[in-house]
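In what follows, a single structure is set out as structure tokens and then discussed.
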Ligand SMILES: [Zn+2]
């Protein structure tokens with residue numbers, strides 16, 4: 001009886017946590033600017049690529065960090081600002097060819113994997129925030 005009560009309480013607590021997390025996620029997305037959102041997405045994709053191909057566990061290797069910083073720099077200077085489309089369909093090729101090719105490889109690798117990795121990454125991020 002006592003055990004059951006405890007298990008139920010833990011269950012409720014977990015459900016509350018999930019709802020709170022969802023609230024935080026939706027709130028965050030609502031107030032995140034287009035540029036910030038893209039920076040966030042590109043970071044996740046570069047991380048997936050780096051972890052998968054360069055076998056880094058935390059953070060990014062030198063090469064991928066340079067690429068991420070470059071892409072964030074480009075996003076900061078995007079002339080479309082908050083009205084930007086996705087970079088893939090953008091008429092302006094603002095990346096220099098070498099970076100463009102590297103980013104293309106990241107997108108090909110990380111694109112399909114985002115579906116699986118994104119929810120976990122979001123939870124991990126929340127978990128880190130709560131600590
Ligand atoms: Zn890497």
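Tabulated data for the structure shown
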read-out	value
FRET E, pair residue 113, residue 92, Förster distance 35 Å, beta-carbon r, rounded to 0.05	0.80
Ranked list, fewest to most other Cβ atoms within 10 Å of each Cβ, for 76, 38	76, 38
Nitroxide proxy distance, nm - points 7 Å out along Cα→Cβ at residue 83 and residue 55	4.9
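Readers should treat all values here as calculations from the given coordinates under stated rules, not as data from a laboratory. As the structure is a computational prediction, the values presented were derived from the model and not from experiment. Backbone-built Cβ (ideal geometry, glycine too); neighbour counts: all protein chains shown.
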